[in-house]
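One structure below.
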Amino acid sequence: MLNLTGSALIRARFLRMLSIILDELHAIREANTRAEFAGLSARTELLEHETNALDIELEDACLAAFARGLPEYELTFHLMVFRSLSNLERVGDYAFKVARDLETFAPSTRSATLQDALPLIELLSQMVEHLAFAFSELDAAAAREVMRMDFEQVDALYEQMNRASLTRLVEHPEDSEMALTANRMARHLERLGDHLVNVAERVETLVSGNHPAARAG
């Protein structure tokens, strides 16, 4: 018999991790919109600490379930969660690094190079929302939408940020630190999207495999 209590708890904790990531991205976007960066890294660091705590809690819960022995359908669900934890932990870490760079450099300049990050941050926020829906509702189409957005849009915006930072580096060598920071931010945001895709692929596989765990609430 499926352990609904344990599975429901894992689902709730996993969704909370996604919610925290969304909070981090929203904090970055709001700081940029208001041009108020003081305390941004401290706020996102607190969220990152909560992500790390949930990561440990979920890992322990999955390992305990594996030790008990699970039916195949329940094992598939737990493995999907367990294998995705490192991805979500890295997503939160990349978001924190972007927030830290913005707090450090953005107050000294309203550089268009840094502002190029905003569309990418907005897009990644949408991807997190789609991923949360895909996991919560076990919707394969929503999971595939996360993959599509990364392939068709995130990569293009990443290249755009790279070109802008390199152009600034050539045209304004005195701003080399700002250009290199923008390049680093672009790389972190692009990697963040890759980790979201990794999780989306596992959700899509779980759902399309029609495992009973994929239909349990």
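The values are calculated or read from the model by the stated rules, or taken from the named source; none is laboratory data. Keep in mind it's a predicted model, so treat the numbers as computed, not measured. Here Cβ is always computed from backbone atoms with ideal geometry, including for glycine, and neighbour counts include all displayed protein chains. What goes into the accessible areas is simple: the full protein's heavy atoms, side chains included, and nothing from ligands, DNA or RNA. Shrake-Rupley method; radii C 1.70, N 1.55, O 1.52, S 1.80 Å.
Of the residues examined, ILE21 is one that is surrounded by 14 or more Cβ atoms within 10 Å (Cβ to Cβ) and either of a type outside the set (A, V, I, L, M) or assigned to a helix (DSSP H, G or I) (or both). Residues in segment 155-184 that are β-branched (Val, Ile, Thr) and either in contact (Cβ under 8 Å) with a residue 40 or more places away in the chain or surrounded by 22 or more Cβ atoms within 10 Å (Cβ to Cβ) (or both): THR181 alone. In summary, LEU70 fulfils each of the numbered conditions (1) surrounded by fewer than 16 Cβ atoms within 10 Å (Cβ to Cβ); (2) in a loop (DSSP other than H, G, I, E, B) with the single exception of condition (1). The numbered conditions (1) modelled with pLDDT of 95 or more; (2) within 17 Å of the chain's Cα centre (by Cα) are all true for LEU79 except (2).
Among the residues of segment 185-196, are any over 29 Å from ALA8 (Cα atoms), open to solvent by 70 Å² or more (accessible area, probe 1.4 Å) and basic (Lys, Arg)? Taking every residue of segment 185-196 in turn, at least one turns out to be over 29 Å from ALA8 (Cα atoms), open to solvent by 70 Å² or more (accessible area, probe 1.4 Å) and basic (Lys, Arg). Listed by first and then second residue, the pairs linking a residue in segment 191-208 that is farther than 14 Å from ARG148 by Cα to a residue that is among the β-branched types (Val, Ile, Thr) and open to solvent by 10 Å² or more (accessible area, probe 1.4 Å), with Cβ atoms under 9 Å apart and 6 or more places separating them unless they lie on different chains, are THR205/THR76; LEU206/THR76.
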